[in-house]
1. How many nm is it between the label spots at His42 and Thr2, if each spot is 7 Å from the Cα in line with the beta carbon?
2. Starting from the Cα-Cα distance between Gln97 and Asp133, subtract it from 0.36 nm times their residue separation and give me the gain in nm to one decimal.
3. Would you report the distance distribution of C-alpha pairs in the range 80-135 as whole percents per 5 angstrom bin, up to the bin with the largest distance?
4. Taking Rh as the Kirkwood radius computed over C-alpha pairs, what is the Stokes-Einstein D of the range 46-111 at 10 °C in a medium of viscosity 1.306 mPa s, expressed in µm² per second?
5. Residue by residue, what Karplus-based ³J(HN,Hα) values in Hz, rounded to whole numbers, does the range 65-70 have, using 6.51, -1.76 and 1.60 with θ = phi - 60° and x for Gly and Pro?
6. Using DSSP to call loops (not H, G, I, E or B), can you name the trypsin sites (Lys or Arg not before Pro) in the range 55-108 whose Cβ has at most 12 other Cβ atoms within 10 angstrom?
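Just so it is clear, none of the values below were taken in a lab; they were calculated from the coordinates. Note that this is a predicted model, so its numbers are computed, not measured. Note: ideal-geometry Cβ built from the backbone for every residue, glycine included; neighbour counts use all protein chains shown.
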Amino acid sequence: MTRGKLLIAVGMVAAVAVAVLVALVISKRPSDCDTVRSMIAHNNAFNEHVESATSSGIQTTNEEVRAWASQLHHLAEQVRDPALAEPAGNLANLADQAVAFSERFLADEAAADHTSPPPSYIRDYSQLGKDFDTTLATLDQKCPA
């Protein structure tokens with residue numbers, strides 16, 4: 001075999017090896033529905049944590065709420081299919097809004113005398129919760145467990 005033919009053969013083997021490696025990496029990446037289901041599972045775990053803490057008389061902290069929203073963002077950014085990426089991004093954005101409401105509520109709660117009616121933004125927070133649940137249900141419908 002001539003030196004030129006040897007170089008061509010080595011080049012072809014290297015190209016095939018790279019193609020196989022790329023195919024393995026791509027095939028190991030989770031599907032968009034796997035990522036969406038991870039978002040739903042993360043949200044459910046957070047809800048369970050909040051319910052457990054609340055039943056024990058413990059207030060969820062702003063840091064916990066921010067970490068929840070941050071993880072939803074991290075996961076939403078991994079979704080590539082536009083039909084899933086849009087609601088996943090919307091869910092993450094709604095989580096950010098929930099962080100802002102939570103921070104405001106916890107600050108107001110610390111200073112509240114509990115004799116006046118709840119602040120008007122509570123209605124906005126309630127609507128945000130409905131929008132969040134609707135978006136979560138849309139994702140769950142598109143990627144059932």
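1. 5.8 nm
2. Gain in length upon complete extension: 11.6 nm.
3. Calculated P(r), rounded to whole percents: 4, 17, 22, 20, 14, 10, 6, 4, 2, 1.
4. Here the translational diffusion coefficient equals 123 µm²/s.
5. Working through the residues one at a time gives 5, 5, 5, 4, 5, 4 Hz.
6. Arg80
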